[in-house]
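Worksheet for the structure shown next.
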Amino acid sequence: PSPGKIIIIGSGIIGTACAHELIQRDWQVTIIDKSTFASQCSHANCGFICPSHALPLPAPGAISKTFWKMFRKNSPFYIKPRLSPSLWHWFFKFWRRCKHDLMLETAKHRADLLNYSYDAYEKLITTHNLDCEYQQKGLLFVYGDPHHFHEYEKTNNLTREHFGIEAKPYDAAQTLALEPALNNNVAGSWHYECDAHLRPDRLMAAWRSLLEKQGVTIKENCEFLAFESQSNHATKIRTSTGHLEADHFLIATGATTPLLNKQLGVNIPIQPGKGYSITMPRPNICPQHPIIFEEIKVAVTPMQSGYRLGSTMEFSGYDTTINPKRLEALKSGAAKFLQEPYTQPIEEEWFGWRPMTYDGLPIIDHSPKFNNVTIAAGHNMLGLSMAPATALLTTQLINNETPFLNPTPYSLKRFR
């Protein structure tokens, strides 16, 4: 279609990146959000841009190794016990994906999005001078158990062979030389030099300023309620602040997208995977590299203007409370390996719902109900890392352009 008016529902990293691509193609872009701009999962995540994360969660042994542990409240992965047919159906589908060949197939399509986005971020941030504390220092996977450290070599060999993704191994002494903020509990580490990190809230603020200068309209506290349509064509949306008309509509609502299933005419299998973070001032002995303590799933992000502990995965539905035990687990986990694991004062305690699909791939496709509604959601834990590639592919689908990637792996048809 010829560029006209488009309304993007959702102001997170995916909606924002899509607005950036669409405004370049002369669309008149409006972003609406039921809350404030980028206040959900794009606000205080760990800020990793990580091509290293091509392998999906559904993998051989994923259920047998972690599933039953997920009912323990102190586990890095936690399921809140409850009767939820959709959740258990999701886990059944997840279990069926835990096969070697399916893992590699999924990883290829994840890598396509991750690799393009990594290059696109460097160009975007440099070209527009976005102040977001972007640093290319890689990502350090740190282990405390020598067996687990050596066992990771199998994964490294796998990703090197199939995707050209390789980490450098460091023994305990080499790890401490590379990252002196660690203590003597480390057995070794793997350094993915291909990764980068930034401060997400700074990125979103800078990107918003750029988009508004380019003519994008942003409406906060404007909740989408329903489509109004003629036949299979959406003509306007009803919102909490009135009606808005457009030629095309883009759904970029992350983990809450299934709440719109009836409106979209499709059953979107996304579960909200709750992640936590704590933001504070940089410690005196601050890590130089972002770190993941892989055995306990605690992530550390040293930012230029602060310091963040994050991660965990909690399947508790759309629960809006902050569990202090989950925050304490981040602090105690970091204390196992860092000389100065946290500081005072705590600047922010935060949670966000990650949009988890059972196959580990996002949804980038048209709604089957309307010919002018597109969906871009379900990026699992990698919305930040996949946003530029998602935005380009989404825009190409909207414009009926030849896509730079095969869109089939990200389509809704795979769920039917």
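The values are calculated or read from the model by the stated rules, or taken from the named source; none is laboratory data. Since this is a predicted model, take the numbers as computed values, not measurements. In this analysis, Cβ positions are derived from the backbone assuming ideal geometry, glycine residues included, and neighbour counts consider all displayed protein chains. In case anyone asks, the SASA skips ligands and DNA or RNA and just uses the protein heavy atoms, side chains included. Shrake-Rupley method; radii C 1.70, N 1.55, O 1.52, S 1.80 Å.
Does Tyr276 satisfy the criteria of being under 27 Å from Gly317 (Cα atoms) and assigned to a strand (DSSP E or B)? So Tyr276 passes the test.
Considering only residues in the stretch 226-264 that are assigned to a loop (DSSP other than H, G, I, E, B) and under 25 Å from the mean Cα position of the chain (by Cα), the one that is surrounded by the most Cβ atoms within 10 Å (Cβ to Cβ) turns out to be Ala252. Of all residues in the stretch 112-139, those satisfying the criterion of being of a type in the set (A, V, I, L, M, F, W, C), out of contact with any Asp or Glu (no Cβ under 6 Å at 6 or more places or on another chain) and within 26 Å of Gly306 (Cβ to Cβ) are Leu114, Ala120, Leu124, Ile125, Leu130, Cys132. In the stretch 360-394, of all residues being polar (S, T, N, Q) and under 15 Å from Ile9 (Cα atoms), the one that is surrounded by the most Cβ atoms within 10 Å (Cβ to Cβ) corresponds to Thr394. Of the helices (runs of 4 or more DSSP H) contained entirely in the stretch 1-96, those carrying at least 3 residues that are open to solvent by 70 Å² or more (accessible area, probe 1.4 Å) and farther than 30 Å from Ala234 by Cβ fall at 85-96. On the stretch given as the stretch 265-312, residues that are β-branched (Val, Ile, Thr), open to solvent by 30 Å² or more (accessible area, probe 1.4 Å) and within 20 Å of the chain's Cα centre (by Cα) total 1. Scanning the stretch 205-219 turns up at least one residue that is in a strand (DSSP E or B), within 24 Å of the chain's Cα centre (by Cα) and among the β-branched types (Val, Ile, Thr). Considering (1) open to solvent by 10 Å² or more (accessible area, probe 1.4 Å); (2) of a type outside the set (Gly, Ala, Ser); (3) touching a residue at least 12 places away in the same chain (Cβ under 8 Å), the lone condition that Glu328 does not fulfil carries the number (3). Within the stretch 101-158, if we keep just the residues that are crowded, with 18+ Cβ neighbours inside 10 Å and among the β-branched types (Val, Ile, Thr), the residue that is nearest to Phe404 (Cα to Cα) turns out to be Thr106.
This table checks each residue for (1) over 23 Å from the mean Cα position of the chain (by Cα); (2) part of a loop (DSSP other than H, G, I, E, B); (3) in contact (Cβ under 8 Å) with a residue 24 or more places away in the chain.
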{"position": "Thr126", "(1), (2), (3)": "no, no, no"}
{"position": "Leu130", "(1), (2), (3)": "no, yes, yes"}
{"position": "Leu140", "(1), (2), (3)": "no, no, yes"}
{"position": "Phe149", "(1), (2), (3)": "yes, no, yes"}
{"position": "Thr155", "(1), (2), (3)": "no, no, yes"}
{"position": "Glu161", "(1), (2), (3)": "yes, no, no"}
{"position": "Pro169", "(1), (2), (3)": "yes, no, no"}
{"position": "Ala173", "(1), (2), (3)": "yes, no, no"}
{"position": "Val186", "(1), (2), (3)": "yes, yes, yes"}
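A single member of Thr343, Thr408, Thr357 is hydroxyl-bearing (Ser, Thr, Tyr), within 26 Å of Ala234 (Cα to Cα) and modelled with pLDDT of 95 or more, and it is Thr408. Answer with yes or no whether Ala177 is aliphatic (A, V, I, L, M), touching a helix residue (DSSP H, G or I) at 6+ places or on another chain (Cβ under 9 Å), more than 25 Å from Met386 (Cβ to Cβ) and open to solvent by 20 Å² or more (accessible area, probe 1.4 Å). No: the conditions fail for Ala177.
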